[in-house]
2 protein chains.
Amino acid sequence: MDISTREITLTVGEAAERVGLTTYTLRWYEQEGLVAPVGRDSAGRRRYTPGDVDWLFLLTRLRRTGMPVRDMRRYAELARQGDRTLGARRALFEAHRDRVLQRMADLEEDLKVLNYKIDAYRRAEHETR
Amino acid sequence: MDISTREITLTVGEAAERVGLTTYTLRWYEQEGLVAPVGRDSAGRRRYTPGDVDWLFLLTRLRRTGMPVRDMRRYAELARQGDRTLGARRALFEAHRDRVLQRMADLEEDLKVLNYKIDAYRRAEHETR
DNA sequence: GGTTGACTTCGTGTGCACTCGAACTGGAAG
DNA sequence: CTTCCAGTTCGAGTGCACACGAAGTCAACC
């Protein structure tokens with residue numbers, strides 16, 4: 001089923017710019033099963049629907065929070081299986097949220113070390129001057 | 001200059017466990033110049049002083065906050081040049097702290113998306129049941 | 001004094017997430 | 001009709017941060 005160019009769909013290049021990924025990555029995500037096969041126009045070129053773009057946006061958030069591509073693929077598979085996996089998807093997100101919270105807590109601790117060091121350098125600079 | 005085994009120094013294995021890195025990584029860090037050449041005992045085995053361990057601990061914090069090894073090496077080089085690089089080291093830490101703060105802000109934003117999604121799944125589960 | 005186990009160096013291999021080059025094709029503009 | 005650009009597939013290459021196997025050495029313990 002071809003998608004008309006006149007719809008509000010985007011080309012790879014446009015979609016890539018919207019979501020902040022490269023065209024290479026977009027095709028690779030599709031190949032890796034992170035994205036369901038994208039619709040094509042009559043010339044065989046990908047046309048990204050607003051729904052596709054939303055999905056990609058979500059993927060970028062997952063990726064940025066450190067979710068491995070492997071887990072993103074697992075999530076994509078669940079999503080393709082429809083409503084009966086809603087619970088599994090929620091569990092996946094909750095587990096991931098916990099990991100993100102843990103990472104944020106770690107970062108706060110590490111930040112203390114950084115600040116302590118900066119202060120120490122400040123004091124040392126004062127000394128040697 | 002050999003270091004006596006009777007000192008409170010640690011072997012690679014012990015140091016690795018203390019700082020949460022593998023022995024492979026510890027030797028690799030040294031090879032990469034992230035750590036100044038570590039003292040050896042009479043048998044040529046590495047002996048890590050408390051100071052070495054402190055330094056390694058700091059490196060793990062930098063690493064965990066996402067500093068690339070390249071930058072850690074640059075920092076190590078500055079540190080080896082003594083007090084005259086105190087300002088540069090402080091600047092390096094301040095710039096890194098800013099990046100960490102930015103990343104934390106990003107994570108907070110991403111967390112909102114996760115929470116929104118979890119809520120949406122919860123509502124959807126309620127519907128389909 | 002033989003065995004064990006942790007160390008040594010050296011080069012090679014691994015996993016992840018892209019990233020790119022090559023060769024080709026199709027639609028739009030001049 | 002030609003030129004040009006953005007798209008296509010496919011396989012190969014890149015960068016980062018380790019991880020590991022092989023071959024050997026040495027101190028400690030039974």
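Across the stretch A:80-101, what is the number of residues that are in contact (Cβ under 8 Å) with a residue 12 or more places away in the chain, more than 7 Å from chain B (Cβ to nearest Cβ) and under 21 Å from A:G51 (Cβ atoms)?
2
Do any helices (runs of 4 or more DSSP H) entirely within the stretch B:1-112 hold 2 or more residues that are within 14 Å of DNA strand C (Cβ to nearest atom) and surrounded by 15 or more Cβ atoms within 10 Å (Cβ to Cβ), and if so, which?
In the stretch B:1-112, the matching helices (runs of 4 or more DSSP H) lie at B:12-19, B:23-31, B:50-64.
Out of curiosity, is B:M72 touching a helix residue (DSSP H, G or I) at 6+ places or on another chain (Cβ under 6 Å) and within 10 Å of chain A (Cβ to nearest Cβ)?
Spelling it out, it is not the case that B:M72 is touching a helix residue (DSSP H, G or I) at 6+ places or on another chain (Cβ under 6 Å) and within 10 Å of chain A (Cβ to nearest Cβ).
Is it the case that the stretch A:52-67 has a residue that's more than 16 Å from DNA strand D (Cβ to nearest atom), more than 22 Å from A:A16 (Cα to Cα) and not hydrophobic (A, V, I, L, M, F, W, C)?
Scanning the stretch A:52-67 turns up no residue that is more than 16 Å from DNA strand D (Cβ to nearest atom), more than 22 Å from A:A16 (Cα to Cα) and not hydrophobic (A, V, I, L, M, F, W, C).
Hey, among B:G87, B:G39, B:G51, which residue is at pLDDT 95 or above and touching a strand residue (DSSP E or B) at 6+ places or on another chain (Cβ under 8 Å)?
B:G39
Which pairs do you get when a residue that is among the acidic types (D, E), found in the stretch A:19-47, comes within reach of a residue that is near DNA strand C (Cβ under 8 Å from one of its atoms) and at pLDDT below 95, reach meaning Cβ atoms under 6 angstrom, with the pair 6+ apart or on two chains?
So the pair list comes out as A:D41/A:T5.
Spot the failing condition for A:G13; the list is (1) at pLDDT 95 or above; (2) farther than 28 Å from B:E108 by Cα; (3) away from DNA strand D (no atom under 12 Å from the Cβ), and only one is missed.
Evaluating A:G13 over (1) at pLDDT 95 or above; (2) farther than 28 Å from B:E108 by Cα; (3) away from DNA strand D (no atom under 12 Å from the Cβ) leaves (3) as the failure.
The values are calculated or read from the model by the stated rules, or taken from the named source; none is laboratory data. This one's a predicted model, so the numbers in the text were calculated from it and none came from an experiment. Cβ sites come from the backbone with ideal geometry, for glycine too, and all protein chains shown count toward neighbours.
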